[in-house]
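**Student:** Take this structure first; my questions come after.
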Amino acid sequence: MLAPAITKEDELHWLALCLIPGLGMVKAGKLIERYHSPQAIFRASRSELESRGLAGSVAQTIASGCTFDDAVDQQQKMLENGTRLVPISDAAYPARLREIFDPPIVLFARGRLELLQSILLGVVGTRRPTAYGMAAAERLSADLAHAGLAIVSGMARGIDTAAHRAALDVGGDTVAVFGCGVDLIYPAENRKLASEIAEKGLILSEFPMGSPAYPQNFPIRNRIISGVGVGVLVVEGAQYSGSAITAKMALDQQREVFAVPGNITSKMSWGPNLLIKQGAKLVQEWNDVLVELPSDTRRALIGKAQARLGLKDGVMSLELNEEQPTLPPELGMASRVILAKLKADVPIQIDQLLESSDTLTSSEVIAALFELELLGLARQLPGKNFVKVW
């Protein structure tokens, strides 16, 4: 039962329903199926609600309407924060998410609401990635966003942050799913990124405004990252990490699972490597994801990306896969020498660069590294280590 954008009175009832302690998403969803609207639920008597399988305390809370005061506070916070409520009955609610076992009955959204109707792909991974993992996440997220997919992640440190940033840097779409209220930023260092996503992308949460980032919230929100899209791409993560949990949820939701293979000696590769052994699609480039998507999805992506990528005899241009992009003409010779020594997956310490650069002075090496960083061709890691931007 789909409905157009809701009124303020409807919004108040949805908020009051989602604020009922102990109700749970599955039971809330069953109530909506039975009564069709939160207004009808609140008109039901306690005995009637108990006959539907609700605990006495939950039924009493609904019958008393005691959560409406908090719902009014939520409305005010949403107004101040530019947040829209998207109930499960709303036409704006993502269709794929509605299909999962326990979809949120409401979503709090800040930003471009139309992205909920995009073709979305989850990109997840460890909070402590290697240089290889960061390079892979950035390259694949940028290429996939450029191809028309909207990148969904949880804005955590590490792979999540790299995926969001890469999508934004190529002018693509990205959706951040929070494990707290959309008015709070976690982690705090991503405040600037969150502001940019709210402006150019979309911030999403099932948790009410002002909800803290409790640890138990993150596995709960992961089902949205997997459920809202066509699949999940795992870049790096330990065997029992949060990204592994998200991949399992994706399988349970009958979504595609993709994984980037990693170094067998790295614990951060155990998760994706195990997923590949269990049948996940191995990903080396963006097209490895696209070829696994349904034909109608691929056609939609081609139509969306045509203006940006162009079509050659009906086939999308493969410009994304150029291994050797043209270097900026202003790049100095010293910088070209240093760039040739850098690798995308293995950090090189500055002392090694100084020792191996016989024809360059130490000041020339440092100046070259600075120029490469400014041009976005290299990145400095902790400990004066440098990697090439892949």
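Read-outs throughout are calculated quantities, based only on the coordinates presented, and are distinct from any laboratory measurement. Small disclaimer: the values here were computed from a predicted structure and weren't measured. We place every Cβ from the backbone using ideal geometry, glycine too, and count neighbours over all the protein chains shown.
**Student:** Test of the criteria: in region 68-148, which chymotrypsin sites (Phe, Trp or Tyr not before Pro) are in a DSSP loop and have at most 14 other Cβ atoms within 10 angstrom of their Cβ?
**Tutor:** Those that pass, being in a loop and sparsely packed, are 101.
**Student:** What is the ratio of the Cα radius of gyration of the chain to 2.2 N^0.38 Å, with N the residue count, to two decimals?
**Tutor:** 1.12
**Student:** Karplus couplings for region 167-179 from phi (6.51 cos²θ - 1.76 cosθ + 1.60, θ = phi - 60°), rounded to Hz, Gly and Pro as x?
**Tutor:** So the J values, rounded to whole Hz, are 5, 5, 5, 9, x, x, 9, 8, 10, 9, 9, 8, x.
**Student:** With θ set to phi - 60°, apply the Karplus curve 6.51 cos²θ - 1.76 cosθ + 1.60 along region 210-219 and write out the HN-Hα couplings as whole Hz, x wherever there is a Gly or Pro.
**Tutor:** Ordered by residue, 3J(HN,Hα) equals x, 5, x, 8, 5, x, 5, 6, 6, x Hz.
**Student:** Still on this structure, I have one more. Can you give the extra length, in nm with one decimal, that the chain gains between residue 64 and residue 352 once fully stretched, where that is 0.36 nm per residue apart less the Cα-Cα distance?
**Tutor:** 96.6 nm is the gain from fully extending residue 64 to residue 352.
**Student:** Also: Give me 192, 200 ranked fewest to most by other Cβ atoms within 10 Å of their Cβ, as a rough exposure proxy.
**Tutor:** Fewest to most other Cβ atoms nearby, the residues stand as 192, 200.
**Student:** Within region 170-189, name every residue whose backbone N is under 20 Å away from a label modeled 7 Å from Cα of residue 252 along the Cβ vector.
**Tutor:** Residues 177-180 qualify, since their backbone N sits under 20 Å from the label point.
**Student:** Given region 113-321, what percent of its DSSP beta bridges are antiparallel, to the nearest 5?
**Tutor:** Of those bridges, close to 10 percent are antiparallel.
**Student:** Once the Cβ-Cβ distance between residue 297 and residue 102 is put in as r, and R0 is 22 Å, what FRET efficiency do you end up with, to the nearest 0.05?
**Tutor:** In this case the efficiency is close to 0.35.
**Student:** Now a separate question. Could you pull out every residue, at least 5 positions away or on a different chain, whose amide H is within less than 5 Å of the one on residue 174? Hs are placed 1.01 Å off N in the peptide plane, and Pro or chain starts have none.
**Tutor:** 151, 202
**Student:** With a 10 Å Cβ neighbour count serving as the proxy for reagent exposure, in which order, fewest first, do 255, 379 appear?
**Tutor:** Ranking 255, 379 by Cβ neighbours within 10 Å, fewest first, gives 379, 255.
**Student:** Run the helix sum for the chain: -39,500 (n - 2.57) per DSSP H stretch of 4+ residues, divided by residue count, reported at 222 nm to the nearest 500 deg cm²/dmol.
**Tutor:** -13000 deg cm²/dmol
**Student:** Now a separate question. For region 126-143, in order, what is each residue's ³J(HN,Hα) by Karplus, 6.51 cos²θ - 1.76 cosθ + 1.60 with θ = phi - 60°, in whole Hz (x at glycine and Pro)?
**Tutor:** 3J(HN,Hα) across region 126-143, in whole Hz: 5, 7, 10, x, 7, 4, 4, x, 5, 4, 5, 5, 5, 5, 5, 5, 5, 5.
**Student:** Which entries in the list 248/343; 200/384; 341/384; 8/77; 248/281; 30/77 go over 21 Å, if you measure between the two C-alpha atoms of each?
**Tutor:** Check vs 21 Å cut-off fails for 248/343; 200/384; 30/77.
**Student:** Can you give me the distance in nm between label points at residue 76 and residue 333, each placed 7 Å from the Cα along the Cα-to-Cβ direction?
**Tutor:** Taking the simple label geometry, residue 76 and residue 333 are separated by 6.9 nm.
**Student:** Under a 5 Å amide H to amide H cut-off, with H placed in plane at 1.01 Å, what residues pair with residue 381 once short-range neighbours are removed?
**Tutor:** For residue 381, whose amide H was placed from the backbone, the distant partners under 5 Å are 386, 387.
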